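For reference, the structure is listed below as C-alpha cells.
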C-alpha cells in the first residue's frame with residue numbers, strides 16, 4: 001500500500017514538474033515570436049510582423065505593449081480583421097478611444113472600420129475587475145501626493161509609499177496571475193511609478209514576486225528590467241544589469257539625437273536577459289530604439305525621449321560636440337559609440 005502511494009506521489013510530482021517546464025517553454029516561445037515580430041518591423045516587413053504576432057498571441061494572452069504594436073502593424077497593412085480583434089481585447093480590458101487612435105495611425109483611413117471601432121467601444125463589456133480602476137488610481141495619487149509639491153522624501157510620503165507597497169504585495173498574494181487581465185490594461189503604467197520610487201528609496205522586497213511574474217508572462221519584462229537597472233546602479237551590481245534606459249548610461253537622447261554606447265559588460269547583460277526568459281538581446285533592443293528614433297513612429301520599446309538638462313542651445317552644442325568625437329572615433333576604427341537622428345541615419 002505504501003509503495004503504491006509512493007509511486008502515485010512521484011508520478012504526480014513529475015506531472016506537475018512537466019507542466020511547469022512546458023509553461024516556461026511556452027512563455028519563452030511567446031517572447032521569441034514577439035522579438036522576431038519587432039525585428040521584422042525594423043526590416044520594414046510588416047506582413048511578416050503581423051504573422052509573427054499571430055503566432056505569439058496563439059501561445060498566450062498578449063500584454064498591452066505587444067497589443068499596442070500589433071495594432072499599429074495591422075493598421076499599416078490594412079488587416080481590418082486583426083484591427084477589430086485586437087481592439088475588442090483592448091476595450092474589454094478598459095482601453096478607450098481606439099477609433100480615434102486608428103484615425104491617427106492609419107495611412108489609408110477607412111470610415112467603415114472607424115465606425116466598427118466606435119460600435120465596439122459602445123457594445124463591449126469589461127472583462128477585468130473594474131474596481132481596480134479606483135484602487136490603482138488611489139495608488140497613483142498616494143505616490144504623487146507630496147512629490148508634486150517637491151516633498152518626495154518627506155516622512156509623510158514615505159508612509160504613503162509603504163502603504164502602496166503593502167497593497168501591491170496583497171494584490172499578488174490574492175491574485176497569483178495578477179496582470180492587466182485581472183486589473184485592466186493600464187495596471188502596469190499605474191503601478192510603475194510606485195514601484196520605481198520604491199526601488200529608488202531602497203525598498204525592493206517585491207523583486208522576487210515581479211521576477212516570477214515576468215517569467216510567467218504576466219508582468220512586462222521591460223518594466224521589470226528598468227527597476228532592476230535602477231537597483232543595480234544604486235548598489236553597483238553590474239551582474240544584475242540589463243542595459244535599459246537612462247540608468248544604464250548607454251542609450252539616451254540629447255535633443256533629437258539618439259546616442260548609443262556599447263556597454264563593457266554586454267555579455268553579462270545578455271546573459272541576464274536570457275535568464276529572464278526574454279529573447280531580446282541588448283543589440284536587438286538598441287536596433288528597435290534606433291528604428292523608432294529614425295522613423296519617429298510606432299512604439300515597440302516604450303522609450304522615453306531623455307534629454308540632458310539645459311536649454312535648446314546647450315543641447316545643440318553638446319550634441320554637436322559629441323557627434324564630432326564619435327566621427328573621429330569611427331575614422332580611427334573605433335565603433336563603440338554611435339549616434340542617430342530622427343528622420344535619417346547619421347552613422348552606420
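Test of understanding: among 272, 256, 305, 250, which residue is on the phi < 0 side of the Ramachandran plot, modelled with pLDDT under 90 and crowded, with 18+ Cβ neighbours inside 10 Å? Give the steps one after another, and end with the answer.
Working: 272 fails: modelled with pLDDT under 90; 256 fails: crowded, with 18+ Cβ neighbours inside 10 Å; 305 fails: crowded, with 18+ Cβ neighbours inside 10 Å.
Every option except 250 fails the conditions.
All but one of (1) modelled with pLDDT of 80 or more; (2) in a loop (DSSP other than H, G, I, E, B) hold for residue 325; which doesn't?
(2)
Quick test of your reading of the structure: residue 232 fulfils all but one of (1) closer than 19 Å to residue 191 by Cα; (2) part of a helix (DSSP H, G or I); (3) without any contact (Cβ under 8 Å) to a residue 40 or more places away in the chain. Name the failing condition by number.
All conditions are met except number (1).
Scan region 183-197 and tell me whether some residue there is over 18 Å from the mean Cα position of the chain (by Cα) and outside the structural domain of residue 58 (by TED's automatic domain parsing).
No, region 183-197 contains no residue that is over 18 Å from the mean Cα position of the chain (by Cα) and outside the structural domain of residue 58 (by TED's automatic domain parsing).
Suppose we filter 141, 131, 96 for residues that are more than 28 Å from residue 211 (Cβ to Cβ), without any contact (Cβ under 8 Å) to a residue 40 or more places away in the chain and surrounded by fewer than 16 Cβ atoms within 10 Å (Cβ to Cβ); which single one remains? Steps first, please.
Details: 141 fails: more than 28 Å from residue 211 (Cβ to Cβ); 131 fails: more than 28 Å from residue 211 (Cβ to Cβ).
So the residue among 141, 131, 96 that is more than 28 Å from residue 211 (Cβ to Cβ), without any contact (Cβ under 8 Å) to a residue 40 or more places away in the chain and surrounded by fewer than 16 Cβ atoms within 10 Å (Cβ to Cβ) is 96.
Any idea which of 100, 143 is out of contact with any helix residue (DSSP H, G or I) (no Cβ under 8 Å at 6 or more places or on another chain), assigned to a helix (DSSP H, G or I) and either at pLDDT below 95 or more than 21 Å from residue 33 (Cβ to Cβ) (or both)? Break it down into steps so the answer makes sense when it comes.
Details: 143 fails: out of contact with any helix residue (DSSP H, G or I) (no Cβ under 8 Å at 6 or more places or on another chain).
Selected residue: 100, the only one of 100, 143 that is out of contact with any helix residue (DSSP H, G or I) (no Cβ under 8 Å at 6 or more places or on another chain), assigned to a helix (DSSP H, G or I) and either at pLDDT below 95 or more than 21 Å from residue 33 (Cβ to Cβ) (or both).
Could you list, in sequence order, the residues of region 42-66 that are under 20 Å from the mean Cα position of the chain (by Cα), without any contact (Cβ under 8 Å) to a residue 40 or more places away in the chain and assigned to a helix (DSSP H, G or I)?
49, 50, 52, 53, 54, 55, 56, 57, 66
Look at residue 234 and say whether it is outside the structural domain of residue 60 (by TED's automatic domain parsing), more than 17 Å from residue 140 (Cα to Cα) and surrounded by fewer than 20 Cβ atoms within 10 Å (Cβ to Cβ). Step through it out loud before you land on a result.
Details: outside the structural domain of residue 60 (by TED's automatic domain parsing): yes; more than 17 Å from residue 140 (Cα to Cα): yes; surrounded by fewer than 20 Cβ atoms within 10 Å (Cβ to Cβ): yes.
Against the criterion (outside the structural domain of residue 60 (by TED's automatic domain parsing), more than 17 Å from residue 140 (Cα to Cα) and surrounded by fewer than 20 Cβ atoms within 10 Å (Cβ to Cβ)), residue 234 qualifies.
Does region 198-210 contain any residue that is buried (at least 16 other Cβ atoms within 10 Å of the Cβ), in the same structural domain as residue 285 (by TED's automatic domain parsing) and within 14 Å of the chain's Cα centre (by Cα)?
no
The values are calculated or read from the model by the stated rules, or taken from the named source; none is laboratory data. Only a predicted model underlies this, so the values are computations on that prediction, with no experimental measurement involved. Here Cβ is always computed from backbone atoms with ideal geometry, including for glycine, and neighbour counts include all displayed protein chains.
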